[in-house]
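A short worksheet on the structure shown next.
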Amino acid sequence: MIDWPTALTYAAAVTGSPARTQAVVAEVLRTAPVFRNKEFPLSVLPVVIRHSAAVTYVRSAEAYVELLDKIVRLYFAEEEVRRWYGLDAAAEALVLADQRLGGDVAVCRLDGYLEQGTERPFLLENNADAPAGTLFTARINELVRCALDAAGVPTRALSPLTYAGEGSLLAALVDCVRRAGDSDPADVAILQPTGAANRESIETALALQGLGINAFVADPRTVEVSGPRVSFGGRPADVCWNKVNTASWRRLVGADPDVVQTWMRAVDATSFVHVNPFGARYVAENKLSLALPQEARFAHLFTAAERELAVRFLPWAARLTKESTAPEGAMSLYDDLLERPADYVLKEPYDIRGDGVSIGRSIGRDAWEKAAGRALAEHHLVQRYLPPASYPTLRAGDPAVVSMPISMDTYVFNGRVHGFGSKASLNARVNVFQGGQKLAVHVVDDEHDVNHEAGAGAS
């Protein structure tokens, strides 16, 4: 997928004149809008992706979000599926009450890797709760484009699949409200706990205000229902963009029965639209959803094409129980975890910043055995380890460029891909809050085809 001739040309240009590049980066940062929740260095080397390869990948990504939507509907319809997930009573009640959008995943970020050696794209997990980067990724892509231009680097034309523009999230919210049968939203609440709103939430509210929308940051615990209207701290809202990640949401709201009951009334008995719906948050966001279409006991619920997509697009994964068998089926999965930790990754159903991920080849034996024991007791996800491709990343100091493992993150709004972002890190968990940094992703047009082909969306 990577356009290496273009990427290396850019790398040679920005490293060939280091003083000029440093001056350009300093000036870009001096005038830049807010583009990060946590400080990290700005690399002016974008990940350069070929448009034709991106279009092929987009088809799989959009098909996978359709599969996530189906998984949420299966949760509504199939008692056996609900038992398999094992959600608590409050979570299940919220999911079943919130069906105004059919449970569909309205906004998500699919986090994946390009496999080391082949660059074959794989999806590692779906952030279908309140994915970071819905605003800042477009800003990073634009900042890097401006930096390359200012440095005099000859650049390729960008494909429409390059994520750009700050109106994409607003368009997604408007579409959700229209799908629910109402007019365009006048009041938008962006949910974050009081005193703990991150920079992106605040900037998103400001960006929406700049587009003529009355947007404000609100604490989800202040939700009130009066007749057909929902409000937060007395301020009415037609729609909310729920920026509280599911791991935090469970602690923040799930333990308060009164708040849960109010939220159930808000999503079930009013015209209020909740983005993302609780089905997307508690079911599609649940890491176990990566295993469901691969489970033999549920094969009858999926088509052959859906099962093939899961095999082709996802690393092997399973919900860990005493009966689970290793991928080859010859031995207990738990025993295989202990015998070959380098082959596996353990994931809690919900986590934030990679804190719930244990990578067998990166931790000690005692820590791995403890994580495996907990995973067995709580039925966590087991995933086959996938080595990520590396990419040249500009860093301060010497050497100026470091080859770092990268992610391939895909933003999907209302079923259509709007573009890509990336993270780079020398740590095992490729996460900005685990010592990583964000990279721009520029999709460049193929010389023979500059049109956006069937199945792909653009911002």
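Projecting the Cα atoms of Ser358, Ala326, Trp316 onto the charge dipole of segment 316-384 (Cβ charges, centred on the Cα centre) puts Ser358 farthest toward the positive pole.
Applying 1/(1 + (r/R0)^6) with R0 = 30 Å to the Cβ-Cβ distance of Ala305 and Ser183 gives a FRET efficiency near 0.20. Spin-label model, Arg312/Arg120: points 7 Å from Cα along the beta carbon direction are separated by 1.1 nm. Remark: segment 163-290 is approximated by an ellipsoid whose semi-axes, taken from the C-alpha gyration tensor as √(5λ), come to 21, 18, 16 Å, largest first. The label point for Glu339 and the one for Ala77, both projected 7 Å from the Cα toward the Cβ, are 4.0 nm apart.
Rounded to the nearest 20 debye, the dipole magnitude of the chain is 720 debye, with +1 charges on Lys and Arg beta carbons, -1 on Asp and Glu beta carbons, and the Cα centre as origin. Taking amide H atoms as placed 1.01 Å from N in the peptide plane, the amide H of Val417 lies under 5 Å from those of Gly457, each 5 or more residues away in sequence or on another chain. Counted over segment 316-384 with a bin width of 5 Å, the fraction of Cα pairs per bin, in whole percents, is 4, 19, 34, 27, 13, 3, 1. Across the chain, the longest run free of exposed loop sites, meaning GluC sites (Glu not before Pro) lying outside DSSP classes H, G, I, E and B with no more than 10 other Cβ atoms within 10 Å, spans 40-322. Projecting the Cα atoms of Val47, Ala128, Val72 onto the charge dipole of segment 47-142, computed from C-beta unit charges around the Cα centre, puts Val47 farthest toward the positive end. Under the simplified labelling scheme, the Lys370-Thr321 pair shows an inter-label distance of 2.8 nm, with each label point 7 Å from Cα along Cα→Cβ.
Contact order for segment 316-384, expressed relative to its length and based on alpha carbon pairs under 8 Å spaced 6+ residues apart, stands at 42 percent. What the phi angles of segment 436-445 give under the Karplus curve with 6.51, -1.76 and 1.60, with θ = phi - 60°, is a coupling list of x, 9, 8, 10, 6, 10, 10, 8, 9, 5 Hz, glycine and proline written as x.
We did not get these values from a lab; they are worked out from the coordinates using the rules stated. All values derive from a computational prediction rather than experimental measurement. Every residue, glycine as well, gets a Cβ built from its backbone with ideal geometry; the counts of neighbours run over all protein chains shown.
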